[in-house]
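Q: Got a structure for you, questions after.
Only the coordinates and a few stated rules stand behind these numbers; no lab work does. Everything numeric here is computed off the predicted structure, so don't read it as measured data. Counting neighbours? That spans all protein chains shown, and the Cβs are built from the backbone with ideal geometry, glycine included.
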Amino acid sequence: MEIDFEADAFDEGRHLRDVIRGHKGFSSALWKRIKWNGEVWLNGTRIHNAKTVLHEGDRVRLVWDESSDIVPADIPLDILYEDDTLLVVNKGTGMIIHPTNAGIHDTLVNAVAGYFQKKGEKSGIHPVYRLDRNTTGVVVVAKSAKAQYALTRSHDLIHREYIAVAGGYIPGEFGIVDAPIGRKEGSIIEWTVRKDGRPARTEYTVLRHGDNYTVLKLHLLTGRTHQIRVHARYMGTPLLGDDLYGGNHDLISRQALHAHTVTLTHPETGEAMKFTAPVPADMEPFMNEGKNMHIETKSGVSFLTFDVFKNENLIAAVSTKNGGVSTGAYHSLNMGFSTDDAPEKVRENRKRFFDVLGIIPERLVNCALVHGIHMEKVGKADCGRGAQDFTSAIPACDGLYTNEKNVPLGLNYADCTPLLFYDPVTSSIAVAHGGWRGTAGNIAGEAVRHLQESYGAEPKNIKAGIGPAIGKSVFEVEKDVVEAFEKIFDEEEMKRLSAPKGEGKILIDLPLANRILIERAGILPENIEDCGICTYCRNDLFYSYRKAAGRTGRHMAVMMLK
């Protein structure tokens, strides 16, 4: 293989080795192969000194053998595209690109070598750029050094767009970070912004704000090591999960950075191409949180509603934490008598909430939750139970159902999943409490069964709403919860709703688990609305039992036939 290039103004006065490994994009491994087993020519003369100083206009020729000594590994690849010149893959977390020493054989390069070996293909393996071990997304692998060089010699030929989650609030809609990056003194792995660093520019667009985090779309205008991570810290908002640069680990266990799309000009055909890797499961909650959020505010009281229940002869809502009179840990719209908040404040909060909904507070039917699957059929005779105190609530009950008008059904919760059901044909409703035990016991299916058996409802007609609940990114559970879920969900379903966090911990998507069960009960997907809000993540709007270590207020999910 031979490659020729001409030194440009940026190369003036720099060592040959640094130009080849940096500006020209050659990997360390390939440079070593050229240096020890190939040939380097400068202006027609063969040279051996890697520290030879280059000047603008110098002609450099590199010659080497393309054969590979990479150890093949049988590691599955998520292939996005392949032809005779390029292989494009979606890299998962925990995988590095190149072997760092002779004992490492589980890298992306080893996986590609194993893939080529199975195919009987003898192509070269030349990643066009690198992603850090725990950065996910699109990686372009050239099958020859010539193709790699063609894509790296100019930033105009390849563009990378990332999705990231930065800790903290980044104002505005768009910005550019222009700050040079160099190695941090005393460290062999950490980089930092420093005046004598290499030019580094990162363009970003704010996609959305969460509870003390900002979702960003980023475009690299230069390609420095750890550029996005360093610039995020420089802004005072290190990426969530980034242990090297000070990111918070509460919401995600690795740096929240994903190479989402890559556009390039094909080095052989000249065709413009675009490749996209879906946002990985551990970052989805940040993207989807609140996608169906409908928050209304009336008379200072904020509450959530559902599109799926609109234009129906029905009231269906979930209270937020805003608009009440409670203080301290219960600020401000605490709806729960089960807390040690002052009862008179809870009564006032309920009155405010019900007044804006058009419900008479004294008619409420409330239940005392026990994290089970028992549900009670109620009617006008039950109105007032649990409306003004905790002791009169229907005991040992995690759901209510009725077909009687003007009977408001309510349940209090914080972090668990509130489930709301309505059949417009039989004019019947149900509310259910989907904690992890109730979910593992299929309380969603129980709610549908009760509407069927008591009122003749058909699942195809039933509409369902999934309210705010703790999200997958933070609902960390142990073995007992996983084992309970494995009894009701099959292997493919568990893959969808769970993810490993490390140290024996597992993350569970409680709202998704309930959605799966709702669909399993026969309710049509188009009749299900998941508000997509994480109570832990949106602590500005909702209480979170887990985030507050237990001492917090309660929301109320309420339904009433008019």
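Q: For the stretch 295-561, what relative contact order do you get, as a whole percent, if you take Cα pairs closer than 8 Å and at least 6 residues apart?
A: Relative contact order here is 23 percent.
Q: At 7 Å along the Cα-to-beta-carbon direction for both residue 405 and residue 268, put a label point, then send me their distance in nm to one decimal.
A: That separation, rounded to one decimal, is 7.3 nm.
Q: Another question about this same structure. Could you work out the relative contact order of the stretch 79-286? I mean the mean sequence separation of Cα pairs under 8 Å and 6+ apart, divided by the number of residues, in percent.
A: 20
Q: Points 7 angstrom from Cα along the Cβ direction at residue 188 and residue 10: gap in nanometres?
A: Result: 2.8 nm between the two label points.
Q: Still on this structure, please answer the following. Name the lysines eligible as straight-distance cross-link partners of residue 495: C-alpha to C-alpha under 23 Å, and not fewer than 8 places from it in the same chain.
A: 91, 291, 472, 479, 487, 505
Q: In percent, what relative contact order does the chain have, based on Cα pairs under 8 Å that are 6 or more apart in sequence?
A: Over the chain, the number comes to 11 percent.
Q: Report the FRET efficiency, 1/(1 + (r/R0)^6), for residue 195 and residue 130, where r is their Cβ-Cβ distance and R0 is 22 Å, rounded to 0.05.
A: 0.30
Q: Over every pair of different alpha-carbon atoms in the stretch 2-63, take the mean of 1/r and invert it; report that Kirkwood radius in Å.
A: Computed over the stretch 2-63, the radius equals 11.4 Å.
Q: Here is a further query. Which FRET efficiency value, to the nearest 0.05, do you get for residue 118 and residue 551 by plugging their Cβ-Cβ distance into 1/(1 + (r/R0)^6) with R0 = 51 Å?
A: With a Förster radius of 51 Å, E is 0.35.
Q: Can you work out D for the stretch 153-207 in µm² s⁻¹ from Stokes-Einstein, where Rh is the Kirkwood radius over C-alpha pairs, the temperature is 4 °C and the viscosity is 1.567 mPa s?
A: It diffuses with D of about 95 µm²/s by this estimate.
Q: Let me ask something additional. Between residue 42 and residue 370, what is the label-to-label distance in nm when each label sits 7 Å out along the Cα-to-Cβ direction?
A: Rounded to a tenth, the inter-label distance reads 8.4 nm.
Q: Quick check: net charge around residue 423, other residues with Cβ under 11 Å of its Cβ, Lys/Arg +1 and Asp/Glu -1?
A: Result for the neighbourhood of residue 423: 0.
Q: Right, something else. Using the alpha carbons of the stretch 457-562, what is the convex hull volume per residue in cubic angstrom, as a whole number?
A: 133
Q: Ranked by Cβ crowding within 10 angstrom, fewest neighbours first, how are 479, 298, 217 ordered?
A: Placing the least packed residue first, the sequence is 479, 298, 217.
Q: In the calculated pair distance distribution of the stretch 31-173, what percentage of Cα-Cα distances lie above 18 Å?
A: Distances greater than 18 Å cover 65 percent of the Cα pairs.
Q: Moving on to the next point. Debye calculation, C-alpha points only, no solvent: report log10 I(q)/I(0) for the stretch 79-286 at q = 0.17, 0.18 Å⁻¹, in the same order as the q values.
A: These q points yield log10 I(q)/I(0) values of -1.24, -1.35.
Q: Could you give the alpha-carbon Rg of the stretch 108-167 over 2.2 N^0.38 Å, rounded to two decimals?
A: Relative to the rule-of-thumb radius for its length, the stretch 108-167 sits at 1.32.
Q: Give the residues of the stretch 492-531 whose amide nitrogen is closer than 11 Å to a point set 7 Å from the Cα of residue 460 in the direction of its Cβ.
A: Within reach of a label on residue 460: 524.
Q: Students often forget the sequence filter, so: which aspartates and glutamates lie under 18 Å Cα-Cα from residue 351 once same-chain residues fewer than 8 apart are removed?
A: 296, 341, 362, 389
Q: Residues of the stretch 347-385 with the amide nitrogen closer than 17 Å to a label point 7 Å from the Cα of residue 298, along Cα-to-Cβ, please.
A: Residues 349-364 qualify, since their backbone N sits under 17 Å from the label point.
Q: Anything over 30 Å Cα to Cα? Flag those among 345/380; 274/460; 217/547, in the order listed.
A: Among 345/380; 274/460; 217/547, the Cα-Cα distance tops 30 Å for 274/460.
Q: Next question. What area, in nm² and to one decimal, does the C-alpha convex hull of the stretch 183-295 cast on average over all directions?
A: 9.8
Q: With r as the distance between the Cβ atoms of residue 381 and residue 178 and R0 = 56 Å, compute the FRET efficiency 1/(1 + (r/R0)^6) and round to 0.05.
A: Approximately 0.20, to the nearest 0.05.
Q: Tell me, what is a quarter of the convex hull surface for the C-alpha atoms of the chain, in nm² with one decimal?
A: If you wrap the Cα atoms of the chain in a convex hull and average its projections, you get 29.4 nm².
Q: Quick one: net charge of residue 388's neighbours, Cβ under 12 Å, K/R +1, D/E -1?
A: Once all neighbours under 12 Å are counted, the net charge is +1.
Q: Express as a percent, rounded to the nearest 5, the fraction of DSSP beta bridges in the chain (both residues included) that run antiparallel.
A: Once the DSSP bridges in the chain are tallied, antiparallel ones form about 90 percent.
Q: Now a separate question. How do 36, 436 line up, fewest other C-beta atoms within 10 Å first?
A: Fewest-to-most ranking of 36, 436: 36, 436.
Q: Something else now. Please give the net charge around residue 97, taking every other residue with its beta carbon less than 10 angstrom from that of residue 97, where Lys and Arg add +1 and Asp and Glu add -1.
A: +2
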